[in-house]
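Trainee: I'd like to ask some things about the structure below.
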Amino acid sequence: MRFFLNRLGFLLISIWAALTVNFLIPRMMPGNPVDAILAHFQSEGAPLGPNALHALEQQFGVAHSSIWSQYWGYLQNLLHGQLGTSITYYPLTVTQVIERSLPWTLGLAGTATIISVLLGTFLGVYAAWHRGTRIDAGLTTVTMFTSAIPYFWIALILVYLFGFELHWFPQFHAFSTLPPGVAWWKFALDILYHAVLPGATIVISAIGGWLVGMRNNMIQTLGEDYVTFARARGVRNRRLMIAYAARNAILPNLTGFAMAIGFVVGGALLTEIVFSYPGIGMQLLTAVENEDYPLMQGIFLIIALAVLLANFFVEMVYGFLDPRARQGE
Amino acid sequence: MRTPLASSPTDNPDGPPLILDQVSVSFNTSKGPARAVNDVSLTLAQGEILGLVGESGSGKSTLAFTVMGLLPDGARVDGGQIRVMGKDLYHLDPEVLRDFRWKGISMVFQSAMNALNPVLTVQDHIFDTLRSHDPNITDEKARQRMLELLDLVKIDARRARSFPHELSGGMKQRVVLAIAMVFNPPVLLMDEPTTALDVVVQRSILNQVREIQAERKMAILFISHDFSLVRSLAHRVAIMYAGRIVEITASLGKSDAHHPYTEGLMRAIPELSEDEVTISGIPGNPPDLLHLPTGCPFHPRCPVAFDRCRTEVPPMLQVQGNLVACHQYSRSGEESDHGLE
Ligand SMILES: Nc1ncnc2c1ncn2[C@@H]1O[C@H](COP(=O)(O)OP(=O)(O)OP(=O)(O)O)[C@@H](O)[C@H]1O
Ligand code: SF4
Ligand SMILES: [Mg+2]
């Protein structure tokens, strides 16, 4: 319990720090982002109204109030989920844009990452247990190969083969335009159908790392004295593999899990570009291309929060699995 | 050459609890096979504590793991016979072997510090051991057995819920000892059980071992590199050099050594009773297992080596109640040996 409160406190402080950095960065940038934004709207022939202008000024610190009251206002806005207005998608707010794209990213990259972590870890345990056999050699070779191919190639090859040539799966987009009033499960199936190819590319490129990492940890753990001692005591293979070897072998990987889960939000950029998938990565690209500062800022904030939350979550798991972590500090 | 004391191995369960007959073990290394245990014959009598002493790398742990049937990958038994309670572990069905280990013979590892799984409690370890051999044991019975064991090694019952990192080195060693005693095995191998501990803790654990042995009467093979420590505990001491047993002393006095290597070991024990501490070791280094010397493995370091030592492996001979593998003691018969050739 003390461990939990301790970590929770740390999480809150880090979130506060991330928010503050997010507040300070635009204020430390040279030039005036508001001018850049105004110029952008002018050139598009869509001048901003006075309200939007005021909001912009507040957000980027060109408002003529003290920095403390700006900071206070910023925190209050955040509390109400207000991240400002997107330039690209005006008049949509940043929150609305993120709300629309985040589920796609979480659904696709999140699921694919979890599948690669679980499957890779499981296969790594299996390969280590059967080390030196043909199964082990096969698994290790295949995944070494797949993780050596650049992600882009995997994506292009899959799209070409299964999308363009064989027409088994759609090449682009997250869903197709279905007639209105179609049953929800048909829509769900359609989404799943579209997610197969992009999901497969993520799994194929990521699984090798998890497999090899877990296999190597596991082989090292199998050489530990406590495993030999357990075998000497007659502990059965299944318990030996899970409670003695795998449970210790997985600990060094947990930090990696936290990173991977945290970066799902920002890291699916390539996948989303290749497959024109309407997720956060795609929005970040759009934002950068259009100098959409409010949207960029909002997305960075979401990415930072995702990394922090994932870390917190994994620390809880760590504390559950490793008594030393629970007790420490 | 067979050790005179070693009876020939049989399936007789009433015979000595542990018999090793001409056992040899080697490790596959990138540079070829390394003989870590060479033609070792030993017998452990019922209720006996046999010390096994030798320098680091002389093959003591390898011998213990061989007896347990727990050699790591890359190690191979080249020959010989081992009987534990009349059973040949190397020809048992794997499931029978799994159950027999720990019930018939158990072992305290050299590295007690790492012998406990860091994510399991003391209780988990003892329960795992019990359940692995008796899946249907009730929690109540397992708990009762655990309390008996903790009491046996004088650990507070509240420690049952502790994780290894919460225990001191001495406590870990006691827990490992308790785990080894779960089924009261008739044979116990102890591989340097006190090496990593300070002298005070060491002494208290040795007393514990003495007490438990006096009560349970199991046969113990007590491995150590510390001759003086073993001498205070064991009934007999076997001295190992480069994978071979070179002497088995039945009497443990300082002047009872016969093999030049044993004499060197004894000289290396500091004399605390005298005013100045004198330590004189044995000059030179133990041989490379990949290129063992011909004849007596000790001859490059032996102060009294002679021609025959370089060509012939000395047989075990009975010398004043000891067993000694040294040509010095068959010198008298040298001529007659020549005469036979
Ligand atoms: N897994 C292994 N692979 C190759 N050689 C090994 C292996 N384990 C031990 N050896 C070698 O076998 C020899 C005997 O080692 P062993 O551990 O039995 O010695 P020991 O007498 O127990 O020494 P210590 O007092 O240091 O514990 C050593 O030369 C060692 O290098
Ligand atoms: S056999 Fe020879 S070399 Fe070996 S210990 Fe005896 S005297 Fe020394
Ligand atoms: Mg050893």
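Quick note: the coordinates plus some simple rules give every number you see, no bench work behind them. Since the structure is predicted, the reported quantities are computational estimates derived from the model, not experimental observations. For neighbour counting, all protein chains shown are included, and Cβ atoms are generated from backbone atoms with ideal geometry for every residue, glycine included.
Trainee: For A:2, B:216, which order do you get if you count the other beta carbons within 10 Å of each Cβ and list the fewest first?
Mentor: Details: A:2 9, B:216 15.
Arranged by neighbour count, lowest to highest, A:2, B:216 become A:2, B:216.
Trainee: About its Cα centre, how strong a charge dipole does the stretch A:185-329 have in debye, to the nearest 20, once Lys and Arg get +1 and Asp and Glu get -1 at the Cβ?
Mentor: With Lys and Arg at +1 and Asp and Glu at -1, about 1160 debye.
Trainee: Right, here's the next one. Given the Cα atoms of the stretch B:86-182, and with Rh set as the inverse mean 1/r over their pairs in the Kirkwood sense, what is Rg to Rh to two decimals?
Mentor: The Rg/Rh ratio comes out at 0.99.
Trainee: Taking only C-alpha pairs under 8 Å that are 6+ residues apart, what is the relative contact order of chain A in percent?
Mentor: Worked out over chain A, it gives 25 percent.
Trainee: Cα axis of helix A:184-222 to longest principal axis of chain A: angle in degrees, 0 to 90, nearest 10?
Mentor: Once rounded, the angle reads 50 degrees.
Trainee: So for chain A, taking the charge dipole from beta-carbon charges (+1 Lys/Arg, -1 Asp/Glu), which of A:119, A:262, A:229 sits furthest toward the positive end?
Mentor: A:229
Trainee: Step by step: find N for the stretch A:90-156, compute 2.2 N^0.38 Å, then divide the Cα radius of gyration by it. What's the final number? Let's see the in-between values first.
Mentor: Working: Rg = 18.3 Å, N = 67, 2.2 N^0.38 = 10.9 Å.
Against the compact-globule rule of thumb, the ratio is 1.69.
Trainee: In addition: Enumerate the whole-percent occupancy of each 10 Å bin, from 0 to the last occupied one, for all C-alpha pair distances of the protein assembly as shown.
Mentor: 3, 12, 17, 17, 14, 11, 10, 8, 6, 3, 1, 0, 0
Trainee: While we're on this one: Based on alpha-carbon atoms only, what is the radius of gyration of the stretch A:277-325 relative to the globular estimate 2.2 N^0.38 Å?
Mentor: Normalised by 2.2 N^0.38 Å, the Cα Rg of the stretch A:277-325 equals 1.66.
Trainee: Which net charge results when you count Lys and Arg as +1 and Asp and Glu as -1 among the other residues whose beta-carbon is under 11 Å from that of residue A:8?
Mentor: Details: positive: A:2, A:7; negative: A:315.
Cβ neighbours under 11 Å give a net charge of +1.
Trainee: Per the helix-only calculation at 222 nm, which mean residue ellipticity applies to chain A, given -39500 (n - 2.57) for every DSSP H run of n ≥ 4 and division by its residues, nearest 500 deg cm²/dmol?
Mentor: Values: 16 runs with 228 residues, N = 329.
Only helices count here, giving -22500 deg cm²/dmol.
Trainee: From the Cα trace of the stretch B:151-270, what convex hull volume per residue do you get, rounded to a whole Å³?
Mentor: 125 Å³
Trainee: Enter the mean projected area of the convex hull around the alpha-carbon atoms of the stretch B:1-159, in nm², rounded to one decimal.
Mentor: For the Cα atoms of the stretch B:1-159, the hull's average projected area reads 12.1 nm².
Trainee: Cα extents of the stretch B:210-253 along the three principal axes, largest first, in whole Å?
Mentor: 34, 22, 17
Trainee: Calculate the radius of gyration of the Cα atoms of the stretch A:90-232 to one decimal place, then report Dmax, the largest Cα-Cα distance, as a whole number, both in Å.
Mentor: Cα only, the stretch A:90-232: 20.2, 70 Å (Rg, Dmax).
Trainee: By how many nm would the segment from residue A:317 to residue A:72 grow when fully extended, if each residue of separation counts as 0.36 nm and the alpha-carbon distance is taken off? Can you show the working numbers first?
Mentor: Values: separation 245, 0.36 × 245 = 88.20 nm, distance 3.49 nm.
Net length gain for the segment: 84.7 nm.
Trainee: In Å, the Kirkwood hydrodynamic radius of chain A over pairs of distinct alpha carbons?
Mentor: In chain A this quantity evaluates to 22.9 Å.
Trainee: With +1 on the Cβ of every Lys and Arg and -1 on the Cβ of every Asp and Glu, and nothing else charged, how large is the dipole of chain B about its Cα centre, in debye rounded to the nearest 20?
Mentor: That gives a dipole near 660 debye.
Trainee: What is the distance, in nm, between label points placed 7 Å from the Cα along the Cα-to-Cβ direction at residue A:236 and at residue A:42?
Mentor: 7.9 nm
Trainee: Under a point spin-label approximation (7 Å from Cα along Cα-to-Cβ), what is the residue A:254-residue B:168 distance to one decimal in nm?
Mentor: 2.9 nm
Trainee: Hey, another quick one. Given +1 on the Cβ of Lys and Arg, -1 on the Cβ of Asp and Glu, and no further charges, what dipole in debye does the protein assembly as shown carry about its Cα centre, rounded to the nearest 20?
Mentor: In total the dipole reaches around 1140 debye.
Trainee: Another question, then. Nearest 5 percent is fine: what portion of the DSSP beta bridges confined to chain B is antiparallel? Display every interim value, and only then the final one.
Mentor: On the way: 29 of 49 bridges.
Of those bridges, close to 60 percent are antiparallel.
Trainee: Normalising by the residue count of chain B, find the relative contact order in percent from Cα pairs under 8 Å and 6+ residues apart.
Mentor: 20 percent
Trainee: May I ask you to derive the relative contact order of the stretch A:146-285, considering only C-alpha pairs under 8 Å and at least 6 residues apart, and to give it as an integer percent?
Mentor: Reported relative contact order: 28 percent.
Trainee: Give me the one-decimal nm value for the distance between modelled label points at residue A:135 and residue B:203, 7 Å along each residue's Cα-to-Cβ direction.
Mentor: 5.5 nm
Trainee: Let me ask another. Which angle from 0 to 90°, rounded to the nearest 10, does the C-alpha axis of helix A:111-129 make with the longest principal axis of chain A?
Mentor: Compared with the principal axis, the helix lies near 20 degrees.
Trainee: Using R₀ = 35 Å, calculate the FRET efficiency as 1/(1 + (r/R₀)^6) where r is the Cβ-Cβ separation of residue A:80 and residue A:288; round to 0.05.
Mentor: Efficiency computed from Cβ-Cβ geometry: 0.85.
Trainee: With just the Cα atoms of chain B, tell me how far they stretch along each of the three principal axes, in Å, largest first.
Mentor: Taking the Cα atoms of chain B, the three principal extents are 72, 55, 41 Å.
Trainee: Pairs of lysine in the protein assembly as shown with Cα under 25 Å and at least 8 positions apart or on different chains: total?
Mentor: Step by step, the pairs that qualify in the protein assembly as shown add up to 18.
Trainee: Using the eigenvalues of the Cα gyration tensor, what equivalent ellipsoid semi-axes result for the stretch A:181-329 when each is taken as the square root of five times the eigenvalue, whole Å, largest first?
Mentor: On the way: eigenvalues 310, 85, 40 Å².
Taking √(5λ) for each Cα gyration eigenvalue gives 39, 21, 14 Å.
Trainee: For a label point 7 Å from the Cα of residue B:211 along Cα→C-beta, name the residues of the stretch B:129-160 whose backbone N is under 19 Å from it.
Mentor: Label zone hits: B:145-160.
Trainee: Another one. For a quick protection proxy, order the peptides A:176-188, B:25-37, B:169-181 by their average other-Cβ count within 10 Å, most packed first. Intermediate values should be presented prior to the final figure.
Mentor: Working: A:176-188: 8.8, B:25-37: 16.8, B:169-181: 22.7.
The densest-packed peptide leads the list: B:169-181, B:25-37, A:176-188.
Trainee: Treat the count of other C-beta atoms within 10 Å as a stand-in for reagent exposure and order A:320, B:298 from fewest to most. All intermediate terms of the calculation are to be shown ahead of the outcome.
Mentor: Working: A:320 11, B:298 25.
Ranking A:320, B:298 by Cβ neighbours within 10 Å, fewest first, gives A:320, B:298.
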